[in-house]
Amino acid sequence: MKKIFSLTATVLLMILILTGCTSKRVKLDLSDMQGPETKILLDGKEYSKDKDEFFKMLENIEEYNKSSVNETPVNVDNYHTFEIENAGKKRYLHVYAKKNIVSRYYIEMPYEGIWNIDSNLYEKLID
């Protein structure tokens, strides 16, 4: 009886550990913000690039880093803010780089999540 209990407890513990170690797959989803009347601002100025191109660049971002618990990025010296407005709704995206040993680039949606992006996408977005 003791062996069965021990074996059951071990199996349950392993299941809990394995399910806790899986990574979240959270896509950056802005599908509800797309439309003919969508307005995009970058750092308070009208975004000069094509709106469809902007959303196309963002639709394949899947490398979820972690959840966002702040209105703006923390421990970051400089960041760029996109304000997206459509049908009375507003969303904000912050794009920034953290330069430690290696530069890393991120896009953050307040209270939604933080995703890793590459330097090419970073440059395309803010250029």
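Mind scanning Lys45/Lys66; Lys56/Lys99; Lys51/Lys98; Lys99/Lys124; Lys49/Lys99 and naming the pairs with a C-alpha gap bigger than 24 Å?
Lys45/Lys66; Lys56/Lys99; Lys51/Lys98; Lys49/Lys99
In whole Hz and in residue order, list the ³J(HN,Hα) couplings for the stretch 71-77 that follow from phi through the Karplus curve 6.51 cos²θ - 1.76 cosθ + 1.60, θ = phi - 60°; x for Gly and Pro.
Per-residue couplings from phi come out as 6, 10, x, 10, 6, 10, 6 Hz.
As a footprinting exposure proxy, order Met109, Met57, Met1 by other Cβ within 10 Å, with the fewest listed first. Intermediate results must be reported in sequence, preceding the final value.
On the way: Met109 18, Met57 15, Met1 5.
With the sparsest Cβ surroundings first, the list reads Met1, Met57, Met109.
Do the sum for the chain: with -39,500 (n - 2.57) for every DSSP H run of n ≥ 4, divided by all residues, what is the mean residue ellipticity at 222 nm, to the nearest 500 deg cm²/dmol? Don't jump to the answer; show the numbers that get you there.
Numbers: 3 runs with 35 residues, N = 127.
Counting only the DSSP helices, I get -8500 deg cm²/dmol.
What list do you get for Phe55, Phe82, Phe5 if you sort them by fewest beta carbons within 10 Å?
Values: Phe55 16, Phe82 21, Phe5 9.
Final ranking by Cβ density, sparse to dense: Phe5, Phe55, Phe82.
With charges set only on the Cβ (+1 for Lys and Arg, -1 for Asp and Glu), what does the dipole of the chain come to about its Cα centre, in debye to the nearest 20?
It works out to roughly 880 debye.
All of the numbers you see were taken from the coordinates with simple rules; none came from a lab. Values in this document were obtained by computation on a predicted structure and should not be read as measured data. As a convention, Cβ positions derive from the backbone with ideal geometry for all residues, glycine included, and neighbour counts pool all protein chains shown.
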